[in-house]
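Working notes for the structure below.
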């Protein structure tokens, strides 16, 4: 029976190891994002912690080859995991302040601080497998079988620890509660193992730690992951209407005056705005409306279809419906179905002409047989654009789904004095499309890049206005704000992105760090 208890502990610890790693990524996401750099830091440090644990576990097992010692290590690991959500909060709060104040040291220091929080539990969990092998080993002849069985059992647990948090626990109960849950499970099996081994004092101590975590969870229940005011640039007061974690995003819906805003993940930008008293937002969504008018003699009644890659909560879809009429067919692609539901509940995203599709943008554009007058792309996971939506191959596929007088428009981020991302995306699009244009949005860190399937001229915008084709007052307002910065891209100026080479995250990181450091990098 003791062997079965030991094997069960190995299984639970393997499951908890991966569960903690997945939860760590979600804990960091609202503040630091989920880029390759963040994942590399997270995975790399956890591997270092586990390596240290493997070494220490083997040494400790040779010196103290007793199950009670192993269960004590598991109990301490469980308690340390349970403390992470509570200890991480003030450190993550400093990260938000660091980004708001453009403090590189505070921002990076907070990231390091959070990652160090996982050092103790991961090192202790790393001790489990070599310790269990030592306890199970009865002779050299069966050493390979014993080691293989232990690692196989631990890996099976790790497989469950990868999928259960992502598919079940985090969407259902949140990251902090998931961490607490696995901490309680670890403390529970450790307490049971110590009690089975008649180590009553240690079992009692582990039981008290378990009780302490449960009480701590009730007294300080997981609530708002991050304060709303920290990511809205001081625009107070704001009311939190909704907060949840989906399988893809950390979601907040906040209200400021009569405006409802969708905030995702790191909270560095607003992804959708709904104000029943005002259609235009002053943001990039407004400028998508101009895309059809780069062609000569285009009337607003000529626009019949729109594909939005990055629907979010439907700001652009609402604007197109109001300006071009309810007969405009709109396919809105949003990878997160929970955001679609949020859009319907809080952002009046209920127009019958909108077909909301919960799907990956690249997959949709590769598989649909529809063609559109306008394809709009706004797929930021702030401050990053998925690399697969920035390449020559992607825009070539988009071109295939445009009507003969179709156009594509994409929202691109920049900082004052650094528009390298705008330039590289414009150059990438210029290798596919005959005409490309850039508009810098006033008082925003965004530019909008347009491209047309056929050769066009920027002067057509004004010509269409003078011909009376832009009758809708909102169109005239947007055009007036766009013209001062409107410019054409004659030829590609930098190396275009491809599916094989698209360092978009590196480019954006250099832009952000350059701004935070007070200059370009």
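The values are calculated or read from the model by the stated rules, or taken from the named source; none is laboratory data. Note that this is a predicted model, so its numbers are computed, not measured. As a convention, Cβ positions derive from the backbone with ideal geometry for all residues, glycine included, and neighbour counts pool all protein chains shown.
Just one of the listed residues (379, 408, 398, 322) is touching a residue at least 60 places away in the same chain (Cβ under 8 Å) and part of a helix (DSSP H, G or I), namely 322. From the set of residues in the stretch 202-217 that are farther than 17 Å from residue 86 by Cβ and touching a helix residue (DSSP H, G or I) at 6+ places or on another chain (Cβ under 9 Å), which is surrounded by the most Cβ atoms within 10 Å (Cβ to Cβ)? Among those residues, the one meeting the criterion is 206.
Among the candidates 89, 59, 66, the residue that is modelled with pLDDT of 90 or more and over 21 Å from residue 153 (Cβ atoms) is uniquely 59.
Taking the listed residues 494, 489, the one that is touching a helix residue (DSSP H, G or I) at 6+ places or on another chain (Cβ under 7 Å), closer than 17 Å to residue 452 by Cβ and either without any contact (Cβ under 8 Å) to a residue 40 or more places away in the chain or assigned by TED's automatic domain parsing to the domain that holds residue 290 (or both) is 489, with no other qualifying. Residue 208 - would you say it is out of contact with any strand residue (DSSP E or B) (no Cβ under 7 Å at 6 or more places or on another chain), under 17 Å from residue 77 (Cβ atoms), in a helix (DSSP H, G or I) and in contact (Cβ under 8 Å) with a residue 12 or more places away in the chain? Taking the combined requirement at face value, the residue does not satisfy it. I'd like to know if the stretch 292-303 contains one or more residues that are modelled with pLDDT of 90 or more, more than 22 Å from residue 481 (Cβ to Cβ) and part of a strand (DSSP E or B). Within the stretch 292-303, not a single residue is modelled with pLDDT of 90 or more, more than 22 Å from residue 481 (Cβ to Cβ) and part of a strand (DSSP E or B).
Scanning for something more than 20 Å from residue 389 (Cα to Cα), crowded, with 20+ Cβ neighbours inside 10 Å, touching a strand residue (DSSP E or B) at 6+ places or on another chain (Cβ under 9 Å) and touching a residue at least 24 places away in the same chain (Cβ under 8 Å), does the stretch 469-483 turn up at least one residue? Yes, the stretch 469-483 contains at least one residue that is more than 20 Å from residue 389 (Cα to Cα), crowded, with 20+ Cβ neighbours inside 10 Å, touching a strand residue (DSSP E or B) at 6+ places or on another chain (Cβ under 9 Å) and touching a residue at least 24 places away in the same chain (Cβ under 8 Å).
Residues that are in contact (Cβ under 8 Å) with a residue 40 or more places away in the chain and touching a helix residue (DSSP H, G or I) at 6+ places or on another chain (Cβ under 6 Å) within the stretch 186-198 comprise 186, 187, 189, 190, 191, 193, 194, 196, 197, listed in sequence order.
Conditions (1) out of contact with any strand residue (DSSP E or B) (no Cβ under 8 Å at 6 or more places or on another chain); (2) surrounded by fewer than 20 Cβ atoms within 10 Å (Cβ to Cβ); (3) part of a loop (DSSP other than H, G, I, E, B), marked per residue:
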{"residue": "433", "(1), (2), (3)": "no, no, yes"}
{"residue": "450", "(1), (2), (3)": "no, no, no"}
{"residue": "464", "(1), (2), (3)": "yes, no, no"}
{"residue": "495", "(1), (2), (3)": "yes, yes, yes"}
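Checking each residue in the stretch 341-356 for being crowded, with 20+ Cβ neighbours inside 10 Å and either out of contact with any helix residue (DSSP H, G or I) (no Cβ under 7 Å at 6 or more places or on another chain) or not in a loop (DSSP other than H, G, I, E, B) (or both) picks out 342, 343, 347, 354, 356. Taken over the stretch 124-153, the criterion of being in a helix (DSSP H, G or I) and buried (at least 23 other Cβ atoms within 10 Å of the Cβ) is satisfied by 124, 125, 126, 128, 129, 131, 132, 150. Would you pick out the residues in the stretch 259-280 that are in a loop (DSSP other than H, G, I, E, B) and under 19 Å from residue 350 (Cα atoms)? Hits for the stretch 259-280 are 276, 277, 279, 280.
Please work out if residue 421 is at pLDDT below 95, in a helix (DSSP H, G or I), touching a strand residue (DSSP E or B) at 6+ places or on another chain (Cβ under 7 Å) and not assigned by TED's automatic domain parsing to the domain that holds residue 26. Taking the combined requirement at face value, the residue satisfies it. For residue 468, the conditions (1) out of contact with any helix residue (DSSP H, G or I) (no Cβ under 7 Å at 6 or more places or on another chain); (2) within 18 Å of residue 374 (Cβ to Cβ) are fulfilled apart from (2).
Conditions (1) surrounded by fewer than 21 Cβ atoms within 10 Å (Cβ to Cβ); (2) within 21 Å of residue 249 (Cβ to Cβ); (3) touching a helix residue (DSSP H, G or I) at 6+ places or on another chain (Cβ under 7 Å), marked per residue:
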residue	(1), (2), (3)
364	yes, yes, no
370	yes, no, no
393	yes, no, no
396	yes, no, no
400	yes, no, no
411	no, yes, yes
415	yes, no, yes
419	yes, no, no
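For the stretch 289-309, filtered to residues that are over 20 Å from residue 477 (Cβ atoms) and buried (at least 24 other Cβ atoms within 10 Å of the Cβ), the residue that is farthest from the chain's Cα centre (by Cα) is 307.
Just the residues that are outside any strand (DSSP E or B) and either without any contact (Cβ under 8 Å) to a residue 40 or more places away in the chain or surrounded by fewer than 18 Cβ atoms within 10 Å (Cβ to Cβ) (or both), please, taken from the stretch 249-258. Scanning the stretch 249-258 gives 257, 258.
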